[in-house]
Amino acid sequence: MPATLVRSRAMITKTLSATAVEEIADGALIQEDGVITEIGTYDDLHRKHPSLPVVGSGREVMLPGFVNAHHHVGLTPVQLGSPDMPLELWFVTRMVARNVNPYLDTLYSAFEMIGSGITAVQHLHGWAPGKLPDVEKRAGEIIRAYEDIGMRVSYCFALRDQNRLVYQADQDFVASLPPELRGPMQRWFDRFQLSLEDNLDLFRNLHGSHNAKRRVRVQLAPANLHWCSGKALAAMAELSRSHDAPIHMHLVETAYQKEYARRRGDGTAVEYLDRFGLLGPNMTLGHGVWLNEKDIDRLAETGSCICHNCSSNFRLRSGVAPLNRFEASGINTAIGLDEAGINDDRDMLQELRLVLRAHRIPGMGDDEVPGMAQVLRMATLGGARTTSWRDGLGTLEVGKAADLSLIDWDSIAYPYLDELTPTLDAVVQRAKASAVRAVLCDGEVIYQEGRFTRVDRDGALKALHDDLSRALADDEVERRQLSKALLPHARRFYADYIDPRRHEPFYRPSSRV
């Protein structure tokens, strides 16, 4: 990548605490071959390197590139006909999803992510029908989309080898259904043909093909405790150790998952994972809404990470994660947009505000609620640490990757903004995705003034639209009918699954004033 000089009105290089950042007025940096080589003021760097091409007008705020640390799909569930519902019922409604082109689908959400300043994403591939070659081909199309558009991806395929619809063995759930639903339900299960060994081979194959690339990494994703057998968990732990591969795993997203863990292991989900040696800096737990005090302390002790998916938790009625407790314990926390944010898009700037506001418990203790710098750190360095890039991303420092965004200051400050307002406060509370003027990944400008430099956005979206304008295929029709018919049976399965008195939410407003 040719060397460039990137300038700003103000450059926020890194966070120093939950409330403080390092900021350089008139800040600038030089990147060579995707790596930051110098940092200073624009005047100084331009004087030293007058011939370098300049990115930025000097009217922008420069930030480290955001990391979306938990992402699944392009078109959102709502766009595909699946409304927000309690998570366990929502799994059933997700059957209605169309057979979407994975390359175009991935580009769709990548456009939204990059447009809000995201330069790296943890892509958790949830489902793919077929045998190993079919799944591997689909994974390759997803990775190719990210490579074509230019952003970083840490890809992982979510391993499921049991309990694939409700928290019960597949064969037992099929047997519990009326006779007319057993055949369609079994056909749905039969679409997914990867064995446990196939899942392990998929990781090995993709890791060998992609993990040495600059903008691609391959990780592991045991999907969730209820979805993974003990044999699968043991295999994931061994692969993580042998390949030094990070793991991203959904855990205790809902009270029903907490109860499942109790029934399965006579303890908590965290205690169960600990038996397999899965906890540690390579483990990131997605959601973690129903962790208890002992769980949180153990995660902190082992250096495990948590990805906070605030929008998803609200939308699917999962609860409010105890983020303030995570932070107080010293756990590395990240931010994930999951299927979609609160506005049914992938806008990290909006998600920063949601995380900032959702955990403001009553009282006057400033250290008990998220600070501006904290949410920025979660969306940058915190997310980077859940990937194989670890501390190589997430801050603007010499030797780090040149992943960054430039946000128009006038869009934030016009028609008036008091000079007492700190720069980061203004950005977090007022910046919209429309203010993102440029995004660089690995030193390359991949988005500038509303235009993606590598991919024709309008053409890709038209191709996606045209592809989905076709009539429903027979299997899509059957899945839609099955989804509707299954909902009352799923409701019945969970009706008496938990004793509400046993599963009070961890999160409560502080009693102190």
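The values are calculated or read from the model by the stated rules, or taken from the named source; none is laboratory data. Every value quoted in this text rests on a predicted model; they were computed, and no experiment measured them. All Cβ positions, even for glycine, are placed from backbone atoms using ideal geometry, and neighbour counts span all protein chains on display. In case anyone asks, the SASA skips ligands and DNA or RNA and just uses the protein heavy atoms, side chains included. Shrake-Rupley method; radii C 1.70, N 1.55, O 1.52, S 1.80 Å.
Would you confirm, using the coordinates I've provided, whether ASN282 is within 15 Å of the chain's Cα centre (by Cα), among the polar types (S, T, N, Q), open to solvent by 10 Å² or more (accessible area, probe 1.4 Å) and closer than 18 Å to ARG385 by Cβ?
no
With a cut-off of at least 1 residues that are touching a Lys or Arg at 6+ places or on another chain (Cβ under 6 Å), name the helices (runs of 4 or more DSSP H) lying wholly within the stretch 154-233. First the steps, then the outcome.
Numbers: elements: 170-176, 179-190, 196-210.
In the stretch 154-233, the matching helices (runs of 4 or more DSSP H) lie at 170-176.
May I ask you to list pairs of residues, at least six apart or on different chains, whose Cβ atoms are under 8 Å apart, with the first in the stretch 195-219 being within 20 Å of LYS131 (Cα to Cα) and the second being open to solvent by 70 Å² or more (accessible area, probe 1.4 Å)?
Matching pairs, first to second residue: LEU196/LYS231; ASP198/LYS131.
Filter the stretch 250-309 for residues that are charged (D, E, K, R) and touching a His at 6+ places or on another chain (Cβ under 7 Å); which is nearest to ALA328 (Cα to Cα)?
GLU253
It is to be established whether one or more residues within the stretch 102-119 are in a strand (DSSP E or B) and within 21 Å of the chain's Cα centre (by Cα).
Checking the stretch 102-119: at least one residue is in a strand (DSSP E or B) and within 21 Å of the chain's Cα centre (by Cα).
Can GLY74 be described as more than 30 Å from ALA495 (Cα to Cα), out of contact with any strand residue (DSSP E or B) (no Cβ under 7 Å at 6 or more places or on another chain), open to solvent by less than 10 Å² (accessible area, probe 1.4 Å) and not polar (S, T, N, Q)?
Numbers: more than 30 Å from ALA495 (Cα to Cα): yes; out of contact with any strand residue (DSSP E or B) (no Cβ under 7 Å at 6 or more places or on another chain): yes; open to solvent by less than 10 Å² (accessible area, probe 1.4 Å): yes; not polar (S, T, N, Q): yes.
When the stated conditions are applied, GLY74 passes them.
I need the full set of residues from the stretch 211-245 which are under 16 Å from the mean Cα position of the chain (by Cα) and open to solvent by 30 Å² or more (accessible area, probe 1.4 Å), in order please. First the steps, then the outcome.
First, the residues of the stretch 211-245 that are under 16 Å from the mean Cα position of the chain (by Cα): 216-224.
ARG217, the sole residue that qualifies.
If the requirement is being more than 30 Å from LEU468 (Cα to Cα) and modelled with pLDDT of 95 or more, which of these qualifies: PRO77, PRO53?
Testing whether each residue is more than 30 Å from LEU468 (Cα to Cα) and modelled with pLDDT of 95 or more leaves just PRO53.
Just a yes or no: is a residue in the stretch 160-178 hydrophobic (A, V, I, L, M, F, W, C), open to solvent by 40 Å² or more (accessible area, probe 1.4 Å) and out of contact with any strand residue (DSSP E or B) (no Cβ under 8 Å at 6 or more places or on another chain)?
yes
The rows are residues; the columns are (1) closer than 26 Å to LEU75 by Cβ; (2) surrounded by fewer than 23 Cβ atoms within 10 Å (Cβ to Cβ); (3) touching a residue at least 40 places away in the same chain (Cβ under 8 Å); (4) polar (S, T, N, Q).
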{"site": "GLY303", "(1), (2), (3), (4)": "no, yes, no, no"}
{"site": "HIS308", "(1), (2), (3), (4)": "yes, no, yes, no"}
{"site": "SER329", "(1), (2), (3), (4)": "no, yes, no, yes"}
{"site": "GLY336", "(1), (2), (3), (4)": "yes, no, yes, no"}
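Would you pick out the residues in the stretch 340-362 that are assigned to a loop (DSSP other than H, G, I, E, B), at pLDDT 95 or above and among the charged types (D, E, K, R)?
ASP344, ASP345, ARG346, ASP347
Residue-wise test of (1) farther than 26 Å from HIS226 by Cα; (2) crowded, with 24+ Cβ neighbours inside 10 Å; (3) touching a strand residue (DSSP E or B) at 6+ places or on another chain (Cβ under 9 Å); (4) of a type in the set (A, V, I, L, M).
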| residue | (1), (2), (3), (4) |
| --- | --- |
| TRP90 | no, no, no, no |
| MET95 | no, no, no, yes |
| ILE118 | yes, yes, yes, yes |
| HIS125 | no, no, yes, no |
| LYS131 | no, no, no, no |
| GLY140 | yes, no, no, no |
| GLY150 | yes, no, yes, no |
| VAL153 | yes, yes, yes, yes |
| ALA158 | no, no, yes, yes |
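Please determine whether any residue of the stretch 472-481 is outside any helix (DSSP H, G or I) and either open to solvent by less than 70 Å² (accessible area, probe 1.4 Å) or farther than 20 Å from GLY65 by Cα (or both).
For the stretch 472-481, residues outside any helix (DSSP H, G or I) and either open to solvent by less than 70 Å² (accessible area, probe 1.4 Å) or farther than 20 Å from GLY65 by Cα (or both): present.
Right, ARG502: surrounded by fewer than 11 Cβ atoms within 10 Å (Cβ to Cβ) and either touching a Ser or Thr at 6+ places or on another chain (Cβ under 6 Å) or modelled with pLDDT under 95 (or both) or not?
The answer is yes for ARG502.
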